[in-house]
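Undergrad: Have a look at this one before I ask anything.
The values are calculated or read from the model by the stated rules, or taken from the named source; none is laboratory data. Remember, predicted model here, so these are calculated numbers, not experimental data. Neighbour counts are summed over all protein chains in view; Cβ atoms, including those assigned to glycine, are modelled from backbone coordinates with ideal geometry.
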Amino acid sequence: MDSKTIGILGGGQLGRMIVEAANRLNVKTLILDAPNSPAKQINASPDHVDGSFTDYDSIVKLAEKCDVLTVEIEHIDVEALKKVAQKFPNLQMYPLPETIKLIQDKYLQKKHLIEHDVEVVESIDVAENSVDALLAIGDQFGYPFMLKSRTLAYDGRGNFVVKNKDSLAQALEFLKDRPLYAEKWCPFTKELAVMVVRSIDGEVFAYPTVETIHKNNICHLVYAPARTSDTIAKKASILAKNAVKSFPGCGIFGVEMFLLPNNELLINEIAPRPHNSGHYTIDACVTSQFEAHVRAVAGLPMPKDFTQLSTSTTNAIMLNVLGDSVPNKELETCRKALETPNASVYLYGKATRPERKMGHINIVSSSMEDAQNRLNYILGESESIPS
Ligand code: ATP
Ligand code: MG
Ligand code: MG
C-alpha cells in the first residue's frame, strides 16, 4: 500500500488526522506548512516542506516528492496550484484545483450549486462595499440578513449578522476590504451535516446525517446520527450526495445544511476536505473520514457500507475542545473524558489560545441518552461517572 506518496497542503489538525489514517496503511505522507505543525509532529520524515501552502515555490518543493497532492484547507492559491499541475503532468491533485476555486469563494460555490439544481440558501452579490448597496439588499431580503466574506472564511469570522439599517456601517467596518455577498436569514430549527466521499471513478458514499450545534459560530457538538426523523436524514443524505456529485475529482467533502421549520433543507456550505462534523467517524464508523479520504485519493478500495456506523455503535457525540480564556484549563475537560468509559480524547499538539480548536472528544454508545449522560459528566453538568 506504500507505493504512493501523498503531499498535504496544510499541517493542522485535519492534516494530522489524515497522517494517522495513512500511517496505519503504510501510505507515506509529506506536509507543507510551518515547522512543527500538528501534522508534522506525528510524522517523522526529513522530506516535509517548511513554508506556506499559498506559495508556488513551496508547493513545487512538495510536489517534486509526491504522487498525489491533497489539501486540509481550501484557502490555497489556486493559480499557483494550476501552475504546479502544468509543471508536473503526472502528479494527481485531489480535490481538483477547479473544485477548490469554486468552493473557496462561497458565492461562486452557491452559484455552482444552483446551476446543478442543488438547493442552497438564497444569496446575492454585493457589487460595492457601500451602505447604499447594503440598503438595497436589506430592502430585498429584510432584516436580519447575513453579510459574509466570499473568501478566507472560517469559524464564522467572515460573517456579520446585519440586524437593521443602523448596523450597516458597522458591518462594513467589520468586513472591511473583503469581497462580500449577502445571504437571506435562515431561521433553521437544526443544522445538519453529511460527510460524502467520492471515489476516483465518481461513486459517492455518504456517512450518516449528523446534527451540529454551534456556539459563537464555532462547532461545539455533533450528534450522530442526527436527532431527527429518518425521512429528513435520508433527504439530507441525498442532497449532500447530489451536491458532491457536481464536483469532479475525488476525496472527502463536508456538506453543511440548514433544516427549516417546514422541513425544507438548504445547503449552507461545502468543504472539499475532512470536516469537523466528521470527527466522530474515527470511533463510530467502519472507516473514518480521514481513512476514506486517503483511500479515495490513493485509489484504494472503497467497499459497500464502509462509511456506515460500526456494528457496536448506534450513537455518538463529538465535543470540540476549545482553548479556554484561562490557558490550558480546557485540559480539565479532557481529564474528565479520560475518566469516562466509552470516551476518546484527541489533542492536536497546538499552543493554547482562547477559542482555538485544541482537540475533540468522541463518545460512543448504544443509545443517545447514555452518550448524553457521559457528555454531561465530561462537561461538569453531572457528578457521577457513568459506568
Ligand atoms: P466554517 O467554515 O468554520 O463552518 P464559516 O466561517 O464558513 O464557518 P458559515 O458556515 O457560513 O461560516 O456560518 C457559520 C454559522 O453561522 C453557521 O453554522 C450558522 O450557525 C450561522 N449562519 C450562517 N449563515 C446563516 C444564515 N444565512 N442564516 C442564519 N444563520 C446562519
Ligand atoms: Mg466555511
Ligand atoms: Mg460553516
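Undergrad: Does the stretch 337-345 contain at least one residue that is under 21 Å from the mean Cα position of the chain (by Cα) and either surrounded by fewer than 17 Cβ atoms within 10 Å (Cβ to Cβ) or within 21 Å of N216 (Cβ to Cβ) (or both)? Walk me through it before giving the result.
TA: Taking the stretch 337-345 first, the residues under 21 Å from the mean Cα position of the chain (by Cα) are 344-345.
Narrowing the set further to residues that are either surrounded by fewer than 17 Cβ atoms within 10 Å (Cβ to Cβ) or within 21 Å of N216 (Cβ to Cβ) (or both) leaves 344.
Yes, some residue in the stretch 337-345 is under 21 Å from the mean Cα position of the chain (by Cα) and either surrounded by fewer than 17 Cβ atoms within 10 Å (Cβ to Cβ) or within 21 Å of N216 (Cβ to Cβ) (or both).
Undergrad: Then there's this: Which condition from (1) in a strand (DSSP E or B); (2) aliphatic (A, V, I, L, M); (3) without any contact (Cβ under 8 Å) to a residue 40 or more places away in the chain; (4) in contact with a Ser or Thr (Cβ under 6 Å, 6 or more places away or on another chain) is the one that A226 breaks?
TA: Result: A226 passes all but (1).
Undergrad: Go through the stretch 132-207 and tell me which strands (runs of 3 or more DSSP E), entirely inside it, have 2 or more residues that are hydrophobic (A, V, I, L, M, F, W, C), modelled with pLDDT of 95 or more and more than 13 Å from ligand 1 (Cβ to nearest atom). Show your work before the answer.
TA: On the way: elements: 145-149, 159-162, 180-184, 190-198, 204-206.
Ranges flagged: 190-198, 204-206.
Okay, residues lined up against (1) more than 19 Å from the chain's Cα centre (by Cα); (2) crowded, with 19+ Cβ neighbours inside 10 Å:
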{"site": "Q289", "(1), (2)": "no, yes"}
{"site": "K304", "(1), (2)": "yes, no"}
{"site": "T314", "(1), (2)": "yes, no"}
{"site": "M318", "(1), (2)": "no, yes"}
{"site": "T352", "(1), (2)": "yes, no"}
{"site": "H360", "(1), (2)": "no, yes"}
{"site": "I378", "(1), (2)": "yes, yes"}
{"site": "I385", "(1), (2)": "yes, no"}
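The rows are residues; the columns are (1) closer than 27 Å to K184 by Cβ; (2) within 15 Å of ligand 1 (Cβ to nearest atom).
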residue	(1), (2)
D230	no, no
V244	yes, no
G251	no, no
F258	yes, yes
N263	yes, no
P272	yes, yes
C285	no, no
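Undergrad: What single numbered condition from (1) under 15 Å from P272 (Cα atoms); (2) hydroxyl-bearing (S, T, Y); (3) part of a loop (DSSP other than H, G, I, E, B) fails to hold for T54?
TA: (1)
Undergrad: Looking at (1) outside any loop (DSSP other than H, G, I, E, B); (2) in contact with a Leu (Cβ under 8 Å, 6 or more places away or on another chain); (3) of a type outside the set (D, E); (4) more than 14 Å from ligand 2 (Cβ to nearest atom), can you tell me which one T231 breaks?
TA: Among (1) outside any loop (DSSP other than H, G, I, E, B); (2) in contact with a Leu (Cβ under 8 Å, 6 or more places away or on another chain); (3) of a type outside the set (D, E); (4) more than 14 Å from ligand 2 (Cβ to nearest atom), T231 violates only (2).
Undergrad: Among the numbered criteria (1) more than 15 Å from ligand 3 (Cβ to nearest atom); (2) at pLDDT 95 or above; (3) under 14 Å from P95 (Cα atoms), which single criterion is violated by P225?
TA: Here P225 meets the rest and fails (3).
Undergrad: Going by the conditions given, is E256 surrounded by fewer than 24 Cβ atoms within 10 Å (Cβ to Cβ) and within 30 Å of T333 (Cα to Cα)?
TA: yes
Undergrad: Among H275, H293, which is within 15 Å of ligand 3 (Cβ to nearest atom), closer than 21 Å to E20 by Cβ and surrounded by 17 or more Cβ atoms within 10 Å (Cβ to Cβ)? Break it down stepwise before answering.
TA: Values: H293 fails: within 15 Å of ligand 3 (Cβ to nearest atom).
Criteria check complete, one pass: H275.
Undergrad: Sticking with this one: Would you call P301 without any contact (Cβ under 8 Å) to a residue 12 or more places away in the chain and over 17 Å from P95 (Cβ atoms)?
TA: Details: without any contact (Cβ under 8 Å) to a residue 12 or more places away in the chain: yes; over 17 Å from P95 (Cβ atoms): yes.
In short, yes.
Undergrad: Tally up the residues in the stretch 153-174 that are in contact (Cβ under 8 Å) with a residue 40 or more places away in the chain and away from ligand 3 (no atom under 14 Å from the Cβ), please.
TA: Count: 1.
Undergrad: If you check L259, L266, which single one turns out to be more than 16 Å from ligand 2 (Cβ to nearest atom), at pLDDT 95 or above and not aromatic (F, W, Y)?
TA: Numbers: L266 fails: more than 16 Å from ligand 2 (Cβ to nearest atom).
Going through L259, L266 in turn, just one is more than 16 Å from ligand 2 (Cβ to nearest atom), at pLDDT 95 or above and not aromatic (F, W, Y): L259.
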